[in-house]
């Protein structure tokens, strides 16, 4: 198996693992003697303290009362991240004035390169409602763990590196609780209509 094929297998495995975690967060537990099913949602998300693209502290408390989207990635990402952020930008645009009642977070998995300045420059190409969050390695690792996000540094030619990571958009409710993976495989209008239901 060639190096390229091996890496594609690793990326695919990581994607499947992330998808399984996201789709497996809802557990159906039979209620004793009732014959009905109770639904228990696994813990995804939680408290965090990071830095936004303006160098200002930002925490989960700043999102209270807002349903929001969360996506993990990095500014040197060649395709998945810019595509997803463009799609989120289109959703925000379709929300119109309602976009001010929600939030969209782009959380870095690359603390070495994703400084607040780098995040600010990168996000200047997308909707202004997108907030970039970064921090030190420990802080970002804690947030990634809370959201069940896989990421790994992968060396490439020339001494550089890229990042393999879970590429799922999370929908969180007004209380910061996980709702579901947010379906991006639809029109921006349909996605905006779905998000509006949670505002």
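Okay, here's what the table says:
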quantity: R0 of 30 Å, Cβ-Cβ distance residue 177-residue 56: FRET efficiency to nearest 0.05; calculated: 0.75
quantity: Bridge type composition, the stretch 44-196 - antiparallel percent by DSSP, nearest 5; calculated: 60
quantity: Ascending count of other beta-carbon atoms within 10 Å, so fewest first, for 106, 48; calculated: 48, 106
quantity: Potential lengthening between residue 120 and residue 162 on full extension [0.36 nm per residue; Cα-Cα distance subtracted]; calculated: 13.1 nm
quantity: For the stretch 155-198: span of alpha carbons on each principal axis (Å, largest first); calculated: 48, 26, 11
quantity: Kirkwood hydrodynamic radius of the stretch 44-196, from inverse mean 1/r over distinct Cα pairs, in Å; calculated: 15.5
quantity: Packing-based order for 127-135, 71-79, 49-57, using average beta carbon neighbours within 10 Å, highest first; calculated: 127-135, 71-79, 49-57
quantity: Part-to-part distance (alpha-carbon centres) for the stretch 122-172 and the stretch 49-112, which is given in Å; calculated: 11
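We did not get these values from a lab; they are worked out from the coordinates using the rules stated. Model, not experiment: these values are computed from the prediction. Ideal geometry is used to build each Cβ from the backbone, glycine not excepted, and the neighbour counts take in all protein chains shown.
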